[in-house]
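Here's the structure we're looking at; comments come further down.
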Amino acid sequence: MTTHSIERVTRRMSTSLRGAANAVALALAVACGDGTDLVSGEAEAEGGHAYDATAVARSAELRRDPSPTPDYTTEELAQLAQSAEVTAQLEPFANAPRPDRQLHVAMQEGTRIALSLYYPVGFDPETSRDAPSVYSETWYTRAKESTGQAVELYRQAGFVVAIADPRGFAASFGSQDGYLTEQQRSDQRELIAWLATQPWSNGKVAGIGVSVSAMLTELVLASGAPALQAGIVRETEWDQYSDNLFPGGVPNPRMHHLVTEIYGWMRGDACVADLAACSQMGIPSVDGDADFTLLQAALRDHQANIAPDALSSVVFRDDKVGSSGFDSVSASAHQEELRRYAVPARVVASWLDGTTARSALARYNALPDVPMQVTIAPTTHLGGLRADPFEHEAFTPASPVQSFADDIAFLKRTLSGERVQRKVDYYVLGADAWKTTDVWPPRGVQEQTLSLSLRHLTREPTSRSHELQYTVDPQSSTGIYNRWYSQDNHAIYYGDRRFAPGSRLSFDSAPQHTDRELVGSAELHPAMRSDQTDGAVFAYLEDVAPDGRVTYLTEGVLRLLHRKTVHAAEHSYNRADAAPVTPGELMQVEIALQPVAAKIARGHRVRLSLTGADADSFQPLSDVPANWSILTGGAQGSKLTLPMRDWSE
């Protein structure tokens with residue numbers, strides 16, 4: 001046994017020895033009921049004054065468990081994340097086959113689009129007939145996209161796999177002066193028709209995509225291409241502004257960097273300047289272009305693309321990005337076409353991968369007449385690792401091959417004419433259980449409104465109001481193994497939140513008397529003041545076990561500049577609705593948290609934690625940390641609404 005293993009086992013033994021004490025704590029928690037707060041050991045008080053609620057909560061957690069130990073040290077977690085086993089699981093299809101054919105397909109107006117074709121096992125394009133096709137297009141190059149798709153599984157199932165570089169990208173000619181032009185949408189229809197009319201085709205095509213390619217697949221499904229009969233949409237966003245690049249209106253630096261990097265790469269400046277550099281670009285050309293002259297010519301066209309740093313000046317949803325805006329690449333802006341063509345789709349997401357679960361459920365509810373099956377798992381971006389925050393073991397393998405095989409089974413059933421039954425299959429965090437519903441939120445869910453009262457969440461507000469003072473801790477963070485890093489295909493592990501960096505302002509509910517299911521989207525309505533003219537509110541829902549362990553459930557974020565609502569907890573993020581903060585003025589803010597399904601066990605509490613920073617994921621919006629006043633109690637006090645129902649197997 002290695003030293004590393006001995007240290008881990010020692011810590012786990014220590015944790016196990018506390019089991020008896022935990023059972024006692026559980027009994028006490030249930031017995032105390034609504035009126036007593038086990039965090040402080042005191043009953044709720046009517047009077048109050050400003051105090052450091054976070055310090056009190058941390059002290060109380062230590063009293064519950066005087067020797068809490070993290071599951072991993074920072075070094076252990078980093079070492080594990082970088083191990084060969086974990087990195088292999090993050091990219092389960094990295095060993096993609098080579099394409100059988102790489103060619104240019106000319107569009108009606110003359111632009112040549114690069115396409116890679118992967119034929120089924122034993123397939124002869126000269127003699128084979130009646131093969132269905134799956135089509136994907138990507139910003140990452142055709143070769144890179146093949147490592148994120150289950151190409152080999154599709155080939156074995158009898159599909160021809162076609163992956164395209166859109167115009168203005170990689171080996172395709174033309175340019176894009178916006179994120180997605182109408183000309184690209186015309187290209188999509190032409191390419192679908194080209195696939196459907198090949199001699200080997202049965203005339204049936206499905207659109208498939210993961211992440212960025214799924215964003216483009218949504219536009220393919222809205223294209224009206226007659227041969228398009230089904231779609232697979234995996235791990236993407238419904239609204240590219242508020243769900244991806246600016247969640248809650250806050251700039252997402254990792255995604256900004258990714259977009260900037262891709263558009264810079266696609267310009268191919270080095271190749272344009274020197275043909276000898278083209279082979280080093282990491283961009284595959286087409287068959288017959290051994291000297292890369294075609295690739296160089298294509299990249300020369302790309303010089304007219306949108307500027308790589310176009311996002312740097314964007315603040316609002318309706319800001320232009322080149323010739324277009326975020327609506328051009330947001331499925332949410334193409335709902336009318338998606339309803340009209342009603343292409344059956346399987347939509348796959350994760351509770352812990354960016355905002356993909358919210359996006360999948362928004363799609364499901366926005367398109368009630370479109371045949372659709374949604375699956376929400378507890379996994380990383382490509383489905384290779386588990387990410388249930390209740391699991392103490394980090395980075396355990398999931399079943400990505402089975403998940404992608406389910407995609408193929410869906411396509412086979414749909415292309416054969418089988419009717420698609422609308423449903424949402426979702427995993428319940430902390431229960432290791434799957435449930436199915438045909439409506440979202442599921443039947444039986446009731447909104448439970450709790451008031452923020454001092455450091456508690458209570459069913460009824462205290463009669464007197466209080467203003468809690470909190471200085472935003474710029475070191476507060478969810479770490480680097482979180483939902484925002486997962487967007488870039490990183491591992492996820494939140495661990496015990498008692499050890500999360502920085503301080504937060506926390507409020508605990510009473511312990512649950514029975515097992516409950518938190519399922520849906522919580523809404524936070526903080527009444528607050530700030531001494532800064534801008535800033536962000538990060539709100540976290542957590543599960544607090546009787547032994548004090550704190551487990552991440554979900555979160556919400558909102559830039560205060562965008563706090564004006566157009567509907568319940570919905571924000572336009574448009575320039576006309578901007579609302580700069582007046583320092584010291586009371587604001588009524590509404591924040592919708594990311595949806596979640598989690599089992600809240602008997603004796604456990606729900607915790608709301610507030611802060612104004614997530615240091616490892618988002619950049620600060622003000623030069624100095626904000627000082628907040630959070631109004632609690634009374635008629636105008638802050639409130640939290642939770643979607644809850646009794647637990648059932």
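How high is the relative contact order of region 190-319? Use alpha-carbon pairs under 8 Å, at least six apart in sequence, and give a whole percent.
Relative contact order here is 18 percent.
If Rh is defined by the Kirkwood formula over all Cα pairs and Rg also comes from Cα, what ratio Rg/Rh do you get for region 394-489? Could you put the intermediate results ahead of the total?
Working: Rg = 21.8 Å, Rh = 19.3 Å.
Using Cα coordinates only, the ratio equals 1.13.
Per residue of the chain, what 222 nm ellipticity follows from adding -39500 (n - 2.57) for every DSSP H run with n ≥ 4, rounded to the nearest 500?
The helix-only estimate for the chain comes to -7000 deg cm²/dmol at 222 nm.
Net charge around Leu295, counting only other residues with Cβ within less than 14 Å of its Cβ (Lys, Arg = +1; Asp, Glu = -1)?
Numbers: positive: Arg112, Arg142, Arg267, Arg300; negative: Asp165, Asp269, Asp274, Asp287, Asp289, Asp291, Asp301.
For residues surrounding Leu295, the net value is -3.
Please sort 598-604, 525-531 by packing, taking for each peptide the average over its residues of neighbouring beta carbons within 10 angstrom, highest first.
Working: 598-604: 21.9, 525-531: 20.1.
Order by mean packing, descending: 598-604, 525-531.
Beyond 16 Å, what percent of the Cα pairs of region 111-160 remain?
The proportion of pairs with Cα distances above 16 Å equals 43 percent.
Please list 580-590, 404-414, 115-125 highest first by mean number of surrounding beta-carbon atoms within 10 Å per residue.
Highest-to-lowest ranking by the protection proxy: 404-414, 115-125, 580-590.
Among 482-488, 606-612, what's the highest-first ranking by average C-beta atoms within 10 angstrom per residue? Let's see the in-between values first.
Numbers: 482-488: 22.1, 606-612: 25.1.
Output ranking for 482-488, 606-612: 606-612, 482-488.
How high is the relative contact order of the chain, in percent, counting Cα pairs under 8 Å that sit 6 or more residues apart?
Across the chain, relative contact order equals 16 percent.
Can you give the local net charge around Glu523? Use residues other than it whose beta-carbon is closer than 11 angstrom to its beta-carbon, Lys and Arg +1, Asp and Glu -1.
Result for the local shell: -2.
I'd like to know which of Gly248, Val205, Leu219 lies farthest towards the positive end of the charge dipole of region 191-293, counting +1 on Cβ of Lys and Arg and -1 on Cβ of Asp and Glu.
Of Gly248, Val205, Leu219, it is Val205.
Which lysines, on any chain, are close to Lys204 with Cα under 25 Å apart, when same-chain ones fewer than 8 places away are left out?
Candidates past the 8-residue exclusion: Lys412, Lys423.
Could you let me know the centre-to-centre spacing of region 518-553 and region 112-128, using Cα atoms, in angstrom?
51
Sum up the charges of everything whose Cβ sits under 10 Å from the Cβ of Leu631, counting Lys and Arg as +1 and Asp and Glu as -1, but leave Leu631 out.
0
Evaluated at 20 °C with a viscosity of 1.002 mPa s, what Stokes-Einstein diffusion coefficient in µm²/s does region 120-231 have when Rh comes from the Kirkwood expression over alpha-carbon pairs?
After rounding, the answer is 151 µm²/s.
Tell me the label-point distance for the pair Lys564, Glu76, using the 7 Å Cα-to-Cβ offset, in nm and rounded to one decimal.
5.1
Along each of its three principal axes, how wide is the spread of alpha-carbon positions in the chain, in whole angstrom units, largest first?
81, 54, 51
Give the separation of the Cα centroids, region 216-278 to region 381-421, in Å.
Centre-to-centre distance over Cα atoms comes out at 23 Å.
Any chance you could check the Cα centroid distance between region 574-649 and region 131-188 for me, in angstrom?
About 40 Å separates the Cα centre of region 574-649 from the one of region 131-188.
How big is the antiparallel share of DSSP beta bridges in the chain, given as a percent to the nearest 5?
70
Under a 5 Å amide H to amide H cut-off, with H placed in plane at 1.01 Å, what residues pair with Thr236 once short-range neighbours are removed?
Result for Thr236 returns Ser211.
Treating only the Cβ of Lys, Arg, Asp and Glu as charged (+1, +1, -1, -1), what charge dipole size does the chain show about its Cα centre? Round to the nearest 20 debye. Don't skip to the end; give the middle numbers.
Numbers: 57 positive and 81 negative charges, 213 e Å.
Roughly 1020 debye for the chain.
What span do the alpha-carbon atoms of region 502-649 cover on each of the three principal axes, reported in whole Å from largest to smallest?
So the three principal-axis extents are 47, 34, 32 Å.
Can you list the residues, at least 5 places off or on another chain, whose amide H is less than 5 Å from the amide H of Ser201, using H built in the peptide plane?
Sorted by chain and number, the residues that satisfy this are Asp130, Ala131.
Give me the percent relative contact order of region 100-187, please, defined on Cα pairs under 8 angstrom at least 6 residues apart. Each step should come with its number before you reach the end.
Working: 141 pairs, mean separation 29.7, N = 88.
In percent, rounded to a whole number, it is 34.
Readers should treat all values here as calculations from the given coordinates under stated rules, not as data from a laboratory. Fair warning: this is a prediction, and the values are worked out from it, not measured in the lab. A quick note on method: Cβ atoms are made from the backbone with ideal geometry, for glycine too, and the neighbour counts reach across all protein chains shown.
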